[in-house]
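Here, each number is a calculation from the coordinates, and none is a lab measurement. Predicted model only: the values in this text are computed from it and were never measured. For neighbour counting, all protein chains shown are included, and Cβ atoms are generated from backbone atoms with ideal geometry for every residue, glycine included.
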Amino acid sequence: MDTSQQDEGGEHLAGDLLVGAAAIQAFLMHLGMPEGTDAYYLKRSGWPIGNTAGDGGKLIASKRRLTRHTDKLTRGPTAA
């Protein structure tokens, strides 16, 4: 792989990353969640939101994974 492909992949990953509760909340609002959405509550509820370093860290999430999770929730169970 040449360096231009590596740079594009790095930029793509960096563009997918959300750091901090405010950034996650803003993205979720963009997806249609209510303004009072609490990223910390969603993390505790099992959403794909992580923490960079224990109690003192920042919340971290992937736009792609959050979008996939909300799509899965809104579609509901599939018919068998």
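Key figures for this structure:
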read-out: All lysines inside 16 Å of Lys72 as judged from Cα atoms, apart from same-chain residues fewer than 8 positions distant; value: Lys63
read-out: Order of Ser45, Ser62 under a 10 Å beta carbon neighbour criterion, fewest first; value: Ser45, Ser62
read-out: Ranked Thr78, Thr67, criterion: other C-beta atoms within 10 Å, fewest first; value: Thr78, Thr67
read-out: Estimated Rh, the range 16-75: Kirkwood, alpha-carbon pairs, angstrom; value: 11.5
